[in-house]
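Engineer: Just dropping this structure here.
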Amino acid sequence: MTAFVIRRLIESVVVLFAMSLIVFVGVYAIGNPVDILINPQAEPLERERAIAALGLDRPLWEQYVTFLRGAVTGDLGRSFVHATPALGLIVEKMPATLELAFVAMLLAVVLGIPLGLWAGLKPDALSGRAIMAGSILGFSLPTFWVGLMLIMVFSVMLGWLPSNGRGPTVDVLGIGVSFLTVDGWRHLILPATNLALFKLALLIRLTRAGTREALLQDYVKFARAKGLPQRRVIGVHVLRNILIPIVTVAGLELGSVIAFAIVTESVFAWPGMGKLLIDSINLLDRPVIVAYLLVIVAIFITINLVVDVLYSALDPRVRLTESRG
Amino acid sequence: MPASAAPVRDPGVPTSPLRRVAADFFADPVATFGFALLALLVALALFAPLVSPQNPYDLAQIDVLDGRLPPGAAAATGGTYWLGTDDQGRDMLSAIFYGLRISLSVGVASTIVALAIGVVAGLAAAWAGGRIETLVMRVVDIQLSFPAILIALILIAVLGQGTGKVVAALVTVQWAYYARTVRSAALVERRKEYIEAARCLALSPLRIVAGHLLPNCLPPLIVVATVQVAAAIALEATLSFLGLGLPITEPSLGLLIANGYQYLLSGKYWISFFPGLALLASIVSINLVGDRLRDVLNPRLQR
């Protein structure tokens with residue numbers, strides 16, 4: 001177990017390092033940030049000074065070494081546009097994104113598991129089929145278009161909910177959150193629904209497939225033969241067994257929800273780090289792009305690692321074969 | 001699963017595999033509907049210049065005074081804007097036909113390139129084994145652990161914008177799926193007798209892999225490729241919507257939707273709504289076809 005964790009940690013560091021190199025070199029090759037960041041009418045001397053101040057005059061490898069040295073100490077460079085530390089900008093926007101992602105994931109789990117269970121218990125009933133048809137639609141609909149339609153219906157036509165922004169935030173331990181106020185929820189509900197839709201479809205399918213499989217197992221037949229009521233058979237024997245893979249997938253998907261928030265945040269003008277990334281790509285704000293990508297890769301690697309370890313802890317049948325190798 | 005699992009139909013009449021698959025496919029009304037819808041969309045895309053009421057990108061044919069007209073409005077030049085006009089006075093119906101053309105061709109082109117790369121990588125991994133296999137599959141695993149949108153955004157941030165770069169991003173996102181699919185199929189197939197027979201005939205490895213192994217790995221590949229075309233179209237639309245996709249000179253459906261976004265808030269829904277419907281129709285029809293193909297081509301499900 002320990003060997004496995006250590007191996008995965010080393011692997012993670014290698015991936016992170018490789019990503020930093022690819023991203024840094026690649027983003028450098030986009031174009032010349034000098035042209036974008038410095039007033040074209042500036043005096044040549046002024047230009048020189050600005051280039052030197054941003055460190056853009058030094059060779060690429062030297063910039064990378066400087067960047068790496070900083071990265072180890074948590075300094076990922078300064079934003080060209082905002083003139084503040086890039087990592088600080090990301091961290092500042094992170095609570096908004098995480099809040100959105102958690103609410104979306106919660107929605108997907110709270111709705112997806114019961115709906116999937118229902119569809120799995122009654123695969124041939126009209127209700128079961130309707131749930132599956134809805135889940136296929138959830139897979140097919142492009143997230144951004146669903147977002148637009150939600151705005152069209154609930155903001156423009158019905159005028160029930162605001163179409164953009166985050167609304168007021170309340171500080172909890174120094175972090176602004178919006179789920180504590182009614183107006184915060186009004187702002188949160190549309191983007192969270194939008195973001196949840198795809199994962200909801202996924203969880204419905206997974207739960208349905210798991211339920212159908214579990215119902216054929218001997219332990220369910222025995223539980224029925226013992227005369228246990230249906231509620232207990234489903235609630236304890238079926239649910240417990242299908243919950244492990246579902247929880248695993250839900251955990252793994254959290255990372256992808258954070259990544260997908262880029263799209264939803266752009267549609268709803270949600271002030272999170274995804275919107276910051278899109279703005280930074282458009283402005284060629286190199287340090288912020290690099291910082292965002294490294295942060296999200298780190299989040300992904302952490303989530304994958306935690307889920308892998310938890311999975312083996314939850315399910316004794318899973319042997320971490322790599323620990324022997 | 002041995003070949004004998006194939007259905008035994010009327011043994012007197014020899015049927016080609018293609019005809020059998022087609023007969024199976026069209027036995028399902030939903031899949032038939034999906035296929036018909038897809039055929040219609042492809043035809044509209046192919047013949048967009050012929051079927052469109054106007055050429056939306058010929059400045060001589062559009063009139064800014066006709067801008068933002070609702071669906072069904074009469075054009076100043078006669079005729080009707082059935083789906084309304086955008087802010088430039090373009091007929092939305094024509095813009096959608098042309099957009100469909102661009103969206104579908106980007107999706108198909110990127111899929112074909114990715115398929116070629118993925119198949120070569122996957123076959124090489126399965127055939128060579130050892131270090132090559134470990135390397136290829138490690139790259140595939142790492143790539144597939146990140147969502148497609150993130151990989152595409154990283155590439156766009158790295159490469160910059162433009163049609164070729166969007167296609168490159170879509171190819172990079174997709175190839176791993178094909179590599180994985182073709183490898184797992186090839187690992188099963190390479191242990192079968194016909195490969196052994198081909199080896200005994202001392203055929204060159206290239207000929208065995210390309211002539212004997214690859215054709216037998218095709219069914220799962222076709223299924224994955226179909227679904228991936230839909231995914232590529234959706235991803236391209238998303239990138240274009242974010243302003244990081246195709247340039248304004250080649251307005252795909254995603255760009256049309258993005259273009260209508262600002263007018264949506266003032267109730268002018270049609271500029272975004274109808275291109276979205278066209279996008280949705282493309283994706284759903286491809287997925288319906290892909291779902292059915294999966295069932296038809298899967299020997300395990302054949303009764």
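The values are calculated or read from the model by the stated rules, or taken from the named source; none is laboratory data. From a predicted model like this one, the values you see are computed outputs, not experimental measurements. A quick note on method: Cβ atoms are made from the backbone with ideal geometry, for glycine too, and the neighbour counts reach across all protein chains shown. Each accessible area value is taken on the protein alone, full model and side chains, heavy atoms only, with ligands, DNA and RNA left out. Shrake-Rupley method; radii C 1.70, N 1.55, O 1.52, S 1.80 Å.
Engineer: I'd like to verify a number: residues in region B:259-277 that are buried (at least 24 other Cβ atoms within 10 Å of the Cβ) and aliphatic (A, V, I, L, M), how many?
Structural biologist: The number of residues fulfilling the criteria is 1.
Engineer: Name, by its number, the condition in (1) more than 26 Å from the chain's Cα centre (by Cα); (2) β-branched (Val, Ile, Thr); (3) open to solvent by 40 Å² or more (accessible area, probe 1.4 Å) that does not hold for B:Thr172.
Structural biologist: Only one criterion is unmet by B:Thr172, namely (1).
Engineer: Taking the condition open to solvent by less than 40 Å² (accessible area, probe 1.4 Å), in contact (Cβ under 8 Å) with a residue 40 or more places away in the chain, within 14 Å of chain A (Cβ to nearest Cβ) and not in a loop (DSSP other than H, G, I, E, B), does B:Ile156 pass? Outline the logic, then answer.
Structural biologist: On the way: open to solvent by less than 40 Å² (accessible area, probe 1.4 Å): yes; in contact (Cβ under 8 Å) with a residue 40 or more places away in the chain: yes; within 14 Å of chain A (Cβ to nearest Cβ): yes; not in a loop (DSSP other than H, G, I, E, B): yes.
Yes, satisfied.
Engineer: Something else about it: Can you pull out the residues in region A:244-288 that are surrounded by fewer than 21 Cβ atoms within 10 Å (Cβ to Cβ) and outside any helix (DSSP H, G or I)?
Structural biologist: Within region A:244-288, A:Ala269, A:Pro271, A:Leu284 qualify.
Engineer: Can you pull out the residues in region A:276-300 that are in contact with a Ser or Thr (Cβ under 6 Å, 6 or more places away or on another chain), closer than 16 Å to B:Leu244 by Cα and not hydrophobic (A, V, I, L, M, F, W, C)?
Structural biologist: A:Asp285
Engineer: Here is a follow-up. Taking interchain pairs and intrachain pairs at least six residues apart, which have beta carbon atoms under 8 angstrom, with the first residue in region A:160-188 and within 14 Å of chain B (Cβ to nearest Cβ) and the second modelled with pLDDT of 70 or more and in a loop (DSSP other than H, G, I, E, B)?
Structural biologist: A:Ser163/B:Leu265; A:Asn164/A:Ala269; A:Asn164/A:Trp270; A:Gly165/A:Ala269; A:Gly165/A:Trp270; A:Gly165/A:Pro271
Engineer: May I pose another question? Could you check region B:118-141 and list, in sequence order, the residues that are open to solvent by 60 Å² or more (accessible area, probe 1.4 Å) and either polar (S, T, N, Q) or within 14 Å of another protein chain (Cβ to nearest Cβ) (or both)?
Structural biologist: Passing the criteria: B:Thr134, B:Leu135, B:Arg138, B:Val139, B:Asp141.
Engineer: Moving on to the next point. For region A:107-136, name all the residues that are of a type in the set (A, V, I, L, M) and in contact (Cβ under 8 Å) with a residue 12 or more places away in the chain.
Structural biologist: A:Leu107, A:Ala108, A:Val109, A:Leu111, A:Ile113, A:Leu115, A:Leu117, A:Ala119, A:Leu121, A:Ile131, A:Met132, A:Ile136
Engineer: Here is a list: A:Ile299, A:Ile278. Which entry is closer than 24 Å to A:Asn194 by Cα, modelled with pLDDT of 85 or more and within 10 Å of chain B (Cβ to nearest Cβ)?
Structural biologist: Numbers: A:Ile299 fails: within 10 Å of chain B (Cβ to nearest Cβ).
One residue alone meets the criteria, A:Ile278.
Engineer: Checking B:Ala232 against (1) away from every other protein chain (no Cβ under 11 Å); (2) part of a helix (DSSP H, G or I); (3) open to solvent by 10 Å² or more (accessible area, probe 1.4 Å), which single condition isn't satisfied?
Structural biologist: Against the list (1) away from every other protein chain (no Cβ under 11 Å); (2) part of a helix (DSSP H, G or I); (3) open to solvent by 10 Å² or more (accessible area, probe 1.4 Å), B:Ala232 comes up short only on (3).
Engineer: Checking the structure you have, find out if any residue of region B:260-268 is in contact with a Gly (Cβ under 8 Å, 6 or more places away or on another chain), part of a loop (DSSP other than H, G, I, E, B) and facing chain A (nearest Cβ under 10 Å).
Structural biologist: yes
Engineer: Right, something else. B:Leu83 is checked against (1) of a type outside the set (S, T, N, Q); (2) open to solvent by 10 Å² or more (accessible area, probe 1.4 Å); (3) part of a helix (DSSP H, G or I) and fails just one. What number does that condition carry?
Structural biologist: It fails just one condition, (3).
Engineer: For A:Pro229, state whether it is open to solvent by 10 Å² or more (accessible area, probe 1.4 Å), without any contact (Cβ under 8 Å) to a residue 12 or more places away in the chain and not aliphatic (A, V, I, L, M).
Structural biologist: In short, yes.
Engineer: Which of the numbered conditions does B:Pro147 fail, given that it passes all the others? Conditions: (1) under 21 Å from the mean Cα position of the chain (by Cα); (2) open to solvent by 40 Å² or more (accessible area, probe 1.4 Å).
Structural biologist: Against the list (1) under 21 Å from the mean Cα position of the chain (by Cα); (2) open to solvent by 40 Å² or more (accessible area, probe 1.4 Å), B:Pro147 comes up short only on (2).
Engineer: Of a type in the set (Gly, Ala, Ser), touching a helix residue (DSSP H, G or I) at 6+ places or on another chain (Cβ under 9 Å), part of a helix (DSSP H, G or I) and more than 14 Å from chain B (Cβ to nearest Cβ) - does that describe any residue in region A:51-69?
Structural biologist: No, region A:51-69 contains no residue that is of a type in the set (Gly, Ala, Ser), touching a helix residue (DSSP H, G or I) at 6+ places or on another chain (Cβ under 9 Å), part of a helix (DSSP H, G or I) and more than 14 Å from chain B (Cβ to nearest Cβ).
Engineer: Now, a different point. Cβ-Cβ distance below 7 Å, separation of 6 or more or different chains: which pairs start in region B:14-33 with a residue that is over 18 Å from B:Leu288 (Cβ atoms) and end on one that is of a type in the set (D, E, K, R) and open to solvent by 40 Å² or more (accessible area, probe 1.4 Å)?
Structural biologist: Hits for this filter: B:Thr15/B:Arg9.
Engineer: Only one of B:Ala210, B:Ala114, B:Ala124, B:Ala186 is under 16 Å from B:Ala231 (Cα atoms) and assigned to a helix (DSSP H, G or I); which?
Structural biologist: It is B:Ala114.
Engineer: Consider A:Gly227 carefully, then state whether it is at pLDDT 80 or above, more than 14 Å from chain B (Cβ to nearest Cβ), over 28 Å from A:Leu98 (Cα atoms) and in a loop (DSSP other than H, G, I, E, B). Spell out the reasoning first.
Structural biologist: On the way: at pLDDT 80 or above: yes; more than 14 Å from chain B (Cβ to nearest Cβ): yes; over 28 Å from A:Leu98 (Cα atoms): yes; in a loop (DSSP other than H, G, I, E, B): yes.
Judged against the criteria, A:Gly227 is a match.
Engineer: Taking region A:90-107, which residues are touching an Asp or Glu at 6+ places or on another chain (Cβ under 8 Å) and over 23 Å from A:Val290 (Cα atoms)?
Structural biologist: Within region A:90-107, A:Met105 is the sole residue that qualifies.
Engineer: Take region A:71-97 and flag every residue that is under 21 Å from A:Gly167 (Cα atoms), open to solvent by 50 Å² or more (accessible area, probe 1.4 Å) and among the hydrophobic types (A, V, I, L, M, F, W, C).
Structural biologist: Passing the criteria: only A:Val91.
Engineer: State the number of residues belonging to region B:243-255 that are without any contact (Cβ under 8 Å) to a residue 60 or more places away in the chain and within 10 Å of chain A (Cβ to nearest Cβ).
Structural biologist: Qualifying residue count for the region: 1.
Engineer: I would also like to ask the following. Just checking, does region A:141-150 include any residue being open to solvent by less than 50 Å² (accessible area, probe 1.4 Å), within 14 Å of chain B (Cβ to nearest Cβ), free of Cβ contacts under 8 Å to residues at least 24 places away in the same chain and more than 22 Å from A:Ser256 (Cα to Cα)?
Structural biologist: Yes, because at least one residue in region A:141-150 is open to solvent by less than 50 Å² (accessible area, probe 1.4 Å), within 14 Å of chain B (Cβ to nearest Cβ), free of Cβ contacts under 8 Å to residues at least 24 places away in the same chain and more than 22 Å from A:Ser256 (Cα to Cα).
Engineer: Filtering region A:245-259 down to residues that are touching a Gly at 6+ places or on another chain (Cβ under 9 Å) and aliphatic (A, V, I, L, M), which residue is farthest from the other protein chains (Cβ to nearest Cβ)?
Structural biologist: Checking each candidate, the answer is A:Ile246.
Engineer: Moving on. When only residues in region B:159-169 that are in a helix (DSSP H, G or I) and surrounded by fewer than 20 Cβ atoms within 10 Å (Cβ to Cβ) count, which is nearest to the chain's Cα centre (by Cα)?
Structural biologist: Among them, the one singled out is B:Ala168.
Engineer: For region A:8-43, give me each residue that is at pLDDT 70 or above and open to solvent by less than 50 Å² (accessible area, probe 1.4 Å).
Structural biologist: A:Arg8, A:Ser12, A:Val15, A:Ala18, A:Met19, A:Ser20, A:Val23, A:Phe24, A:Gly26, listed by residue number.
Engineer: May I ask you to list the residues in region B:235-258 that are part of a loop (DSSP other than H, G, I, E, B), among the polar types (S, T, N, Q) and crowded, with 24+ Cβ neighbours inside 10 Å?
Structural biologist: The answer is B:Ser252, and nothing else.
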